[in-house]
Amino acid sequence: MQYDHIVLGAGSAGAIVATRLSEDPQRSVLLIEAGPDYPTLEQLPDEVKHGYATATDIMVSDHNWQFVGKATDKAPEMMVPRGKVTGGSSAINGQVFLRGVPEDYDAWAAMGNDEWHFEHCFEYFRKIEADTDFGDSDFHSANGPIIVRRFQRDEWLPDQRAFYNACRAAGFPDSPDHNHPDATGIGPVPCNNPNGIRWSTARGDLSQARHR
Ligand SMILES: Cc1cc2nc3c(=O)[nH]c(=O)nc-3n(C[C@H](O)[C@H](O)[C@H](O)COP(=O)(O)OP(=O)(O)OC[C@H]3O[C@@H](n4cnc5c(N)ncnc54)[C@H](O)[C@@H]3O)c2cc1C
């Protein structure tokens, strides 16, 4: 069989690229992944499904390539986790869904990478998210494939509440939306894990394209 496009690796990037390419019914797309595939939520193993598993089970799991690296010849070996499963590293990661600061993107653009200025990237930041706290608004979208939420104040643990209050008392501003381009201060981190489910690109993007 011949394909118009072959995408190698169904990770964060590959799952999105294959999903987008296959939107055109004239194109045939083959997506190849080294790790296992779990097409439905019910089939997902707990360590991939539940966001809290990153720090523990996933480090020694077959869903992780378990690479080992050394920063220098003298440095001790360290684990370099990478996902080996549809969704790739987005299927084993920490689900912090945080945009970079605008100045960084603009600095890359100034160095000659002119597709990367913040306003251009911002279109895509909106396009990829369904922000359940801010919905369709100046800085967010409600319709993208990746579901994003923040822990609400009544869900914070006592030490988180104490940390927030201490920062406020020390003069740091409230920051209810760290993905606002001007955000600074203290507030909950946006996470792509609605109801504790890790919303990888395999869930958010690829699930829309499997029938194609
Ligand atoms: C433990 C952990 C925690 C992280 N936490 C966060 C976080 O909280 N927030 C955040 O923004 N980022 C986080 N990251 C980083 C983020 O997940 C990665 O930067 C991102 O997923 C990388 O995307 P990618 O498409 O480049 O690669 P990947 O998503 O890793 O995809 C590569 C894919 O290619 C496949 N592949 C490789 N070789 C082959 C082959 N020869 N044949 C077929 N398939 C192959 C792999 O199995 C994998 O599925 C974390 C990463 C890890 C590992």
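Taken over the range 129-149, the residue count meeting the criterion of being in contact (Cβ under 8 Å) with a residue 60 or more places away in the chain and open to solvent by 40 Å² or more (accessible area, probe 1.4 Å) is 1. Of all residues in the range 194-206, those that are surrounded by fewer than 21 Cβ atoms within 10 Å (Cβ to Cβ) and in contact (Cβ under 8 Å) with a residue 12 or more places away in the chain total 3.
Checking the stated criteria, residue 13 turns out to be among the small types (Gly, Ala, Ser), within 7 Å of the ligand (Cβ to nearest atom) and either open to solvent by 70 Å² or more (accessible area, probe 1.4 Å) or at pLDDT 95 or above (or both). Answer with yes or no whether residue 7 is open to solvent by less than 50 Å² (accessible area, probe 1.4 Å), modelled with pLDDT of 95 or more, among the hydrophobic types (A, V, I, L, M, F, W, C) and within 15 Å of the ligand (Cβ to nearest atom). It is true that residue 7 is open to solvent by less than 50 Å² (accessible area, probe 1.4 Å), modelled with pLDDT of 95 or more, among the hydrophobic types (A, V, I, L, M, F, W, C) and within 15 Å of the ligand (Cβ to nearest atom). Scanning the range 150-170 for residues that are part of a loop (DSSP other than H, G, I, E, B) and open to solvent by less than 60 Å² (accessible area, probe 1.4 Å), we see that the one that is farthest from residue 99 (Cα to Cα) is 156. Looking only at the range 148-156, decide whether some residue is under 21 Å from residue 49 (Cβ atoms) and under 13 Å from the mean Cα position of the chain (by Cα). Within the range 148-156, one or more residues are under 21 Å from residue 49 (Cβ atoms) and under 13 Å from the mean Cα position of the chain (by Cα). Just checking, does the range 87-106 include any residue being closer than 24 Å to residue 38 by Cβ, assigned to a loop (DSSP other than H, G, I, E, B) and either away from the ligand (no atom under 16 Å from the Cβ) or without any contact (Cβ under 8 Å) to a residue 24 or more places away in the chain (or both)? No: zero hits.
Only residues that are in a loop (DSSP other than H, G, I, E, B) and either away from the ligand (no atom under 11 Å from the Cβ) or without any contact (Cβ under 8 Å) to a residue 12 or more places away in the chain (or both) were counted in the range 16-34, giving 7.
Would a scan of the range 35-49 turn up a residue that is in a helix (DSSP H, G or I), within 12 Å of the ligand (Cβ to nearest atom), surrounded by 20 or more Cβ atoms within 10 Å (Cβ to Cβ) and in contact (Cβ under 8 Å) with a residue 60 or more places away in the chain? Yes, that holds for at least one residue.
Hey, does the range 57-74 have a residue that's within 13 Å of the ligand (Cβ to nearest atom), in contact with an Asp or Glu (Cβ under 9 Å, 6 or more places away or on another chain) and assigned to a loop (DSSP other than H, G, I, E, B)? Checked the range 57-74: at least one residue is within 13 Å of the ligand (Cβ to nearest atom), in contact with an Asp or Glu (Cβ under 9 Å, 6 or more places away or on another chain) and assigned to a loop (DSSP other than H, G, I, E, B).
The values are calculated or read from the model by the stated rules, or taken from the named source; none is laboratory data. It should be emphasised that the depicted structure is a prediction, and the values quoted were computed from it without experimental measurement. With ideal geometry, Cβ positions are generated from the backbone for all residues, glycine too; neighbour counts draw on all protein chains shown. Ligands, DNA and RNA are stripped out before the accessible areas are found, and what is left, the full protein with its side chains, is counted by its heavy atoms. Shrake-Rupley method; radii C 1.70, N 1.55, O 1.52, S 1.80 Å.
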